[in-house]
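A.B. asks: Okay, here's the structure, questions in a sec.
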Amino acid sequence: MAEEQTGIEETEGDSSPLSGVESSNQVPTAASTSVVPALVVTCADISKSDAGPPMGTAQPATISEDDIDDDRQDLYRSGEKIGTAREFVEFDNGQKVVKEVAVYLRAMIDAAAANGVTIWTSSGFRTMEQQEALVEEKGLASAGGLAAAAGYSNHQNGIAVDFDVVRDNGKPFEWLTMNAWKYGFIRGVAKERWHWEYWGNWTGQEKPDWANGWHSPKTMFSIVKRVHACGEGNGGEYPMRASNWWNAYFPSLTTHSDFLTGGKTNSWIGYGNAHLPDKFDTLHPGWDTAAGAGVSPFLENGSAGVGDNSSILFVNQTQQG
């Protein structure tokens, strides 16, 4: 397990996006007949496999006292209590987020809305009891199940938030990939496009006591690398599960790299089968710099979220960047 408990594949309760998509009951059970096992897909420019932009340049939102819930909850990391949160903000579906992180989340959601993109929160903070119940339901990831052990999920220390990333043909995922770093959020699990974590520099407020000693700013690709393939090298030991593929939500996407490689895919690939950071480099140069802080993939290119950039770079395992 990585120092910051990242990379743990876990089912996030009801985090699997369902709104506005085709039924997921047609998820393929196997792709072995469609893929040569020795092939993986990076679909990325390996000359740009850098760490990415630094986190957290945007100011936090101001949240009304009326929107803050007093709810004393212990926070955990690596199985140990690290502090106590006393203020939470409620988002979609009753999901609560620790206030110190919620101020950036609110700013990000509002910015997306201004670009015509809905960022729906599907899972936030979890108590020890909630994580234990998830383990009981889904089984431990270390034993072949889908849930992190109680006390080891970043949903229990306040920094992890899950989003519905597939609605509107993947628009939220595309917007988050271009913009979430500005608000301090990066992806924390290669195989889960919905799981994001706050690793910013606490712009506009003091670092909370519970974050001292273990939380320090990261860059966009610190955890989920720009160049990777699930099941290979930086992508972790196992391919992405079929239930997490784009065509699990859109069964017609049988030409998507998720399906064609049996999950040995670069998870920065969006609905339109394009590696999104590379796509942004072409369509919106400077998107990952301070100068591009106001850029959105949907301001000048309304089809960016569903683009047909489907060129795929297949490489042998031994040649993967």
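The values are calculated or read from the model by the stated rules, or taken from the named source; none is laboratory data. Remember, it's a predicted structure, so these values are computed and weren't measured experimentally. No Cβ is skipped: glycine too gets one built from the backbone with ideal geometry, and neighbour counts run over all protein chains shown. Side chains are part of the model used for accessible areas, which takes the heavy atoms of the whole protein and leaves out ligands, DNA and RNA. Shrake-Rupley method; radii C 1.70, N 1.55, O 1.52, S 1.80 Å.
A.B. asks: If you count only protein heavy atoms with a 1.4 Å probe, what accessible area per residue comes out for region 190-243, rounded to a whole Å²?
C.D. replies: Dividing the accessible area of region 190-243 by its residue count gives 38 Å².
A.B. asks: How many nm separate the modelled label positions at residue 86 and residue 254, each set 7 Å beyond the Cα in the direction of the Cβ?
C.D. replies: Result: 5.9 nm between the two label points.
A.B. asks: I've got another one for you. Measure off, as a whole percent, the carbon and sulfur share of the 1.4 Å-probe accessible area of region 55-111, all protein chains present.
C.D. replies: 34 percent
A.B. asks: Roughly how many nanometres apart are two label points built 7 Å out from the Cα toward the Cβ at residue 207 and residue 299?
C.D. replies: In this crude label model, residue 207 to residue 299 measures out at 3.2 nm.
A.B. asks: If you don't mind, there's one more thing I want to ask. By average Cβ neighbour count within 10 Å, what is the ranking of 136-148, 255-267 from highest down?
C.D. replies: In decreasing order of mean packing, 136-148, 255-267 become 255-267, 136-148.
A.B. asks: May I ask for the percentage of alpha-carbon pairs in region 109-226 that lie more than 22 Å from each other?
C.D. replies: 39 percent
A.B. asks: Here's a follow-up. Sticking with the crude label model, points 7 Å out along Cα→Cβ, report the distance from residue 74 to residue 142 in nm, one decimal please.
C.D. replies: Rounded to a tenth, the inter-label distance reads 1.8 nm.
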